[in-house]
Amino acid sequence: MYDALGVLCRLLGDMEFPFDSASAAATRRTLEEAQALLEHYVLIRPRRADTPLLVAVCGATGAGKSTLVNSAAGEIVTTPGVLRPTTRVPVLVHHPSDTPWFPSEHVLSEQRSAVRVPRGVVLMDTPPLASIADTNRPAAPPAIAAADLWIFMTTAARYADAVPWHVLARAADRRVPITVVVNRVPTDAMTEIRTHLASLLAARGLGSATLFAVEETTLDSSGMFPTHVAEPVVRWLHEVPGEVSVRTVMAQRAVDGAIDHVLALVSQALDEAEVDVFGDAERAELGVAIADVRAVRGAAG
Ligand SMILES: Nc1nc2c(ncn2[C@@H]2O[C@H](COP(=O)(O)OP(=O)(O)OP(=O)(O)O)[C@@H](O)[C@H]2O)c(=O)[nH]1
Ligand SMILES: [Mg+2]
């Protein structure tokens, strides 16, 4: 199957769009997204069962992503801060006995190990997502697109803003498992905010997301959450990797969702593109390439 996906990826990468019309631009964006998902995730994710899950912590600037990663690692492995944006390149944090996998040829990143990070996951602190209007629906940045599980961090003051909803829409499209952490929630608003956020998630097809609310608190002297405040989410992170077999199933589900999404994007481009956007040969080649992927998947499945 990966051979057929590789053919599709190369075909998409070689495509040229000689026209500048709005319709051609939309088709091009759709196909570029499909190509990027293949190149940055599906085709490069190691297929070994003992590969750790790559968990991206993402969200708007100042949400507390670096603070959460440090709290989970039990030490300062990534710099939190008051100047925005603080985190400029992805920081991968893993147990010393795990080797992180990452598309280093595509994305600059830093790596740290910490003994308190559970074996079987690589936590990725990511640079902030830009604030982008909901309707644009840009693809997730490559580092986030490469993750098997996404943690969205937001705050009680900002969770209804456009960020991170555009990337959450991407998670729903490709069925990547997501967990939402709402930080800095006033104690007396915990239930109200949880309920409201859960209803916003459900309305966007993300009702199955795991949701944590972290109470507003004073950070400890090293800038980490006091243990009891972050305990539920840190415990969950320790449970996520589970057995190798559980991890394999989770990763496979994420890869399958991404492949389905690629097929849907290419089919959509073929259906919607105006007649002159593709040459006859290109249209035929793409049609054959996705039929091949479907055929080998059916045979494998
Ligand atoms: N009092 C308090 N401060 C917090 C809390 N969470 C984060 N902060 C502070 O908020 C600021 C931003 O936190 P970071 O963890 O750096 O946020 P970030 O999401 O990594 O930000 P970027 O890297 O810019 O995307 C830091 O000064 C933290 O110390 C909290 O629960 N309580
Ligand atoms: Mg940060």
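The values are calculated or read from the model by the stated rules, or taken from the named source; none is laboratory data. It should be emphasised that the depicted structure is a prediction, and the values quoted were computed from it without experimental measurement. Using ideal geometry, Cβ is built from the backbone for each residue, glycine included, and neighbour counts are taken over all protein chains shown. The area values use the complete protein model at the heavy-atom level, side chains included, leaving out ligands, DNA and RNA. Shrake-Rupley method; radii C 1.70, N 1.55, O 1.52, S 1.80 Å.
Take each uninterrupted DSSP H stretch in the chain, measure its Cα extent along the helix axis, and return the ones at 24 Å or beyond whose mean Kyte-Doolittle hydropathy is at least -1.0. Long hydrophobic helices here: 244-272, 280-300. Going by the alpha-carbon gyration tensor, a ≥ b ≥ c the square roots of its eigenvalues, is the range 26-68 rounded (a/c under 1.5) or, if a/c is not under 1.5, prolate (a/b greater than b/c) versus oblate? It is oblate, given that a/c is not under 1.5 and a/b is not larger than b/c.
Ranking Ser221, Ser97, Thr126 by Cα position along the charge dipole of the range 53-240, where only Lys, Arg, Asp and Glu carry charges on their C-beta atoms, puts Thr126 farthest toward the positive end. Note on the chain: antiparallel DSSP beta bridges, both residues inside, total approximately 15 percent of the bridges counted. Note on the chain: with charges restricted to the Cβ of Lys and Arg (+1) and Asp and Glu (-1), its dipole about the Cα centre is near 800 debye.
Given axes a ≥ b ≥ c from the Cα gyration tensor, I'd like to know whether the range 1-108 is rounded (a/c under 1.5), prolate (a/b larger than b/c) or oblate. Oblate is the answer for the range 1-108, as a/c is 1.5 or above yet b/c matches or exceeds a/b.
Remark: accessible surface ordering of His196, His94 (largest first) is His196, His94, probe radius 1.4 Å. For Ser71, the solvent-accessible surface computed with a 1.4 Å probe is close to 10 Å², ligands and nucleic acids excluded. Its Cα centre serving as origin, the range 49-131 has a Cβ charge dipole (Lys and Arg +1, Asp and Glu -1) of approximately 260 debye.
The base-10 log of I(q)/I(0) for the range 58-116, evaluated at q = 0.30 Å⁻¹, reads -1.28 [Debye formula, identical scatterers on Cα atoms, solvent excluded].
Mean projected area of the convex hull spanned by the Cα atoms of the chain, taken over all viewing directions: 16.0 nm².
Which one of Ala63, Ala198, Pro164 is farthest out on the positive end of the charge dipole of the range 53-240, using unit charges on Cβ (Lys, Arg +1; Asp, Glu -1) and the Cα centre as origin? Sorting the options by dipole projection puts first Pro164. Only Cα pairs under 8 Å and 6+ residues apart enter the sum, and on that basis the relative contact order of the range 53-240 stands at 24 percent. A dipole drawn for the range 217-301 from +1 and -1 charges on Cβ atoms has a positive end, and of Val293, Gln252, Val233 the residue lying farthest that way is Val233. Expressed to the nearest 5 percent, the antiparallel share of DSSP beta bridges inside the range 82-234 is 20 percent. Surface composition of the range 53-240: carbon plus sulfur atoms hold 53% of the accessible area, using a 1.4 angstrom probe and ignoring ligands, DNA and RNA. Accessible area per residue for the range 1-68, computed on protein heavy atoms with a 1.4 Å probe, is 42 Å².
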